[in-house]
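What follows draws every value from the coordinates through simple rules; no lab data is involved. Just so it is clear, the model here is predicted, and its values are computed rather than measured. All Cβ positions, glycine included, derive from the backbone under ideal geometry; neighbour counts span all protein chains shown.
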Ligand SMILES: Cc1cc2nc3c(=O)[nH]c(=O)nc-3n(C[C@H](O)[C@H](O)[C@H](O)COP(=O)(O)OP(=O)(O)OC[C@H]3O[C@@H](n4cnc5c(N)ncnc54)[C@H](O)[C@@H]3O)c2cc1C
Ligand code: FES
Ligand code: FES
């Protein structure tokens, strides 16, 4: 893009907080200790679904050094209706008469020494009357086992209102879209294909485990919390307490990783209640093992059916997507809608029908995780695309290109696609894979193959960001935003945007971290929205500040364009170094709520996230072990405001998705998680980085984004899994439908294909 | 993890006084890496930990016999000392090879040879290697001293033949001229992981003929296990596809492999067949 | 039985002492007695390296290291690397290569790389990958961490040539 050179936009400015991070001085809630603070350690249920008959805390209470043991009855003293959640008010602060997953918090021990609190947890016992449980999402759709007796949607989402009071179902939300006449489409099509694909349950694993500290005193509350959404926490806690928002203060320093896990409300309700009960500051810091019980990513079963003509045109598609939401809805209903509406893939299809269901089960809750459902849906639709191309004998890239949505065409909702560089991304991946050159496919026991995939996602809407630019009397600048710096580089990029407008150096701007007493509202640091939403708010706030500088100059009688330095303006106005100029702005993009029946909307998303991936693999056919020898990710991020930061987002998201594709899976036996620690739940290490690993963005622009930019943190998660699955098929001719892609699954499939199936699992 | 004491005796006599033949809440501690995991998980709640770090003499050091026939390795020798010992690298290269993928640098800097053996977790990488090398452990206790083959330490899943107040003091490892060894760590869940199966092979080869060998399987079974039947197939045999296949079948037949999180029994049996053959081929390839 | 005990050790070059309980780990003591934040517990199981400190010149997991055993030892932490305002070359290389995102794992990686470069001044890719497999970065700044190691190694070699 021909832009005039800027000292900020498009520059790889090093992170503003780099020194703090390499010296170990950066501030995380992890380290926070307050005078008089107690540590809370959690006693958790050992059964997946049960009525609680009794909880015996006497031995724990008697242990020397224990301050108090707290159960739901004590919580009620502080919070009479202790149920929380962003979409449904279905989650009790501590188990309330029932437990709904193994690992659910039942009681908390408070002590000044966390080791003693932990010791005391071991002395608590509970008696349960076990209930039948349901774990599989498809089974839960029609099961007699009900996880909740009645649905309790939150008032915050008007579109969920109709669900209030619904009983006799595990389906928390159903989303539907209908475009054209799919049945007629199938009837007319030359071929019809139907396949089912499954994604497994995985977890975010931020290296800084979940942690919150509450300090309640004198009718006020301060929360220090590792949260991606401080504004939401304030609103939800104020609601729980029945207090005005201004008595709840939420502060967030740096986050040691979030990835969607630390969104909405997590430990905050618990620490608040504990601090109110104990009248002391209370910290709850989960261990790595406990993180698996906080929030996870939805397992998903997706049945996809396509009608295709001989020439490769897809004429009809139906999608049935079932999301396993676990025991509490968290933000699952939103995942169901947002990933639902793009689940037919980035293709131009006349007739589309989508049904997407959020389902309760007796598993740990599932919520947002990098991609917000898009990776699970793309796993299905992009494997499906390859299976169709294979059956039709078409080139996989050509088949996709033939059906790809072009800018200016309506997506399934009817929203006209704009600024989505789908074809460019696909082509760039094909180019980096030398798609048109033959591949050395190997012989004997080592076989090679390659695969490609492309996908897209919509962005959560409508959401608001507010920014304040504060110019001090010496002309220096503070930027007050509630965007959370969790490693994505938002401090730096937001400073770059403000600096560009104010004509200064980004590094000279101080970004004030979220503190709801100080920084204004932001919906949350999530779903690739910050650069676009907060970036725009920051740009507008900086422009507002400039306008006010001009007004001040005018007020002082200075001629237009006199360009007197700001400190001089302040001195003239106030007679000394004093005063502020405050620029402020809020931003909410245009949005039209989808029609409840047809799912149609003329404006379903503020922008499109686009990612394409390609992989080359090498399979040992004797064992099923494989190596990914080359991995390519290409994303559309609009203008890369900070190319280096974009680059590391793309590769970081890609590697995370690589883990979700190859090794990561929460494994259960009788509803009990059996691998809830990093010893057994394997996330990528340096040894897993493919020898050739390419991450790029296409040359593009998001016209309504700040300086042409848009989000980059999720795009490379979307198409990576199917690229690898497709490459494996290409190498050895077997199709795996269920993630993760393990050597044993491949070997089993190979045995099956050879007519010598391996004995049972 | 509270409510225990740590004592650091400076002599064996003192150590034996502090250990307790009956009380499982009293245990020796070497590098502490295994104990700490169990204590943090509250699987093990000690009352007294008897540190061996101040015990001098035979508990430390790596010495090679004057005639080069073997090593004496003190039980408190850390993995990284072994890994970086020039003498070990030269005479027992399989140890350095095993270290490369064993745990990580930080664990290797503290984990001890003795603690590793006494822990008796069947997934540990080093025990099968010691067994394949024919190593012997010197065990000391208030009732005297005995020297036993390393395989005699293990009685089952996390079970040893050591009395509660006995200590592993040192290892004796022979260096056998003409023998070569190899350890194969087969992981199935991730590149860097605990093994689904560990296979240690030491053999004396003459071209492609196997004069003698020791084959040891770990991880997929409840303790490091000599594969006697497979050894019998291979001993004296010429290396070839049919022999290797027969040895693989014998190995599968003589072991009881069960399904776990690292793979189904059938899959792990298959991996055993494949990797046994590959290990022997690799040894032969090294020799020529 | 369990009673406090005073340990003495050298912390980043300074002789120090602390009265601690036997169950306290080295990370506990560094954080709570010395207000050092660089070594931090994440996995708590020796697997991630966020708690890396050097004891007698060797990196260990502070989360698995009982502080009692630091008695008489030399303990070095990330806080001891910078000289005044001047960062250590490894820290500088991490910044230049952009080898971190959230930064939670970073001090641990820096401490590991310090030792890596002592043992392998010009490491191969393979050596780096194996040496650092026990350090986890969920933000997955791994490619940039590889770059940082190379950069620091080159700088170190350059400095050695000049000296
Ligand atoms: C993160 C991590 C990853 C790991 N990965 C691997 C891996 O990939 N492969 C692998 O093989 N291992 C691995 N391990 C395990 C590691 O090898 C063991 O923890 C270690 O060898 C135990 O040695 P230690 O000296 O620390 O034992 P300790 O914890 O000190 O002791 C272990 C047991 O032995 C007893 N004991 C100690 N010394 C003696 C003695 N001299 N005589 C009698 N009894 C004694 C103790 O009482 C205790 O019961 C890993 C460990 C960790 C923490
Ligand atoms: S916290 Fe110590 S290694 Fe992970
Ligand atoms: S930078 Fe976040 S974990 Fe490494």
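At a glance:
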item	result
Neighbour-count order for B:45, A:161, B:40, B:185, fewest beta carbons within 10 angstrom listed first	A:161, B:45, B:40, B:185
Residue B:44 versus residue B:67: modelled label distance in nm, points set 7 Å from Cα along the beta carbon direction	3.9
Gaussian network model of chain C, springs between alpha carbon atoms under 10 Å - residue of C:40, C:83, C:74 with greatest fluctuation	C:83
Förster radius 45 Å - calculated FRET efficiency between residue A:309 and residue A:138 (Cβ-Cβ, nearest 0.05)	0.90
Estimated Rh, the stretch A:613-761: Kirkwood, alpha-carbon pairs, angstrom	16.9
Shape category assigned to chain C from the gyration tensor of Cα positions, a/c cut at 1.5	prolate
Residue order, fewest to most beta carbons within 10 Å, for A:259, C:34	C:34, A:259
Max mean-square fluctuation residue, GNM over chain C, Cα-Cα springs under 10 Å, options C:11, C:87, C:26	C:87
Rounded, prolate or oblate (a/c below 1.5 giving rounded, otherwise prolate when a/b exceeds b/c) for the stretch B:142-241 by Cα gyration tensor	oblate
Tensor-based shape of chain A (alpha-carbon gyration tensor, a/c under 1.5 rounded, otherwise prolate or oblate)	oblate
Gain upon complete extension [residue A:518, residue A:543; 0.36 nm per residue less C-alpha separation]	6.9 nm
Alpha carbon Rg of chain B, scaled by the compact-globule rule 2.2 N^0.38 Å	1.02
Degrees, to the nearest 10: C:142-162 long Cα axis against longest axis of chain C	80
Segment residue A:582-residue A:247, length gained on full extension (0.36 nm per residue, minus Cα span)	118.2 nm
Percentage relative contact order, chain A, counting C-alpha pairs under 8 Å, at least six apart	15
Distance between modelled label sites at residue A:61 and residue A:112, nm, 7 Å Cα→Cβ extension	2.1
Under the Debye formula (equal points on every Cα, no solvent term), log10 I(q)/I(0) of the stretch C:5-80 at q = 0.15, 0.16, 0.19, 0.26 Å⁻¹	-0.40, -0.46, -0.66, -1.32
Ranking of C:88, A:190, B:67 by count of other Cβ atoms within 10 Å, fewest first	B:67, A:190, C:88
Inter-probe distance in nm under a simple model that places probes 7 Å from Cα toward Cβ, at residue A:550 and residue A:157	4.3
Net lengthening on full extension, residue A:406/residue A:394 (0.36 nm per residue, minus Cα-Cα)	2.3 nm
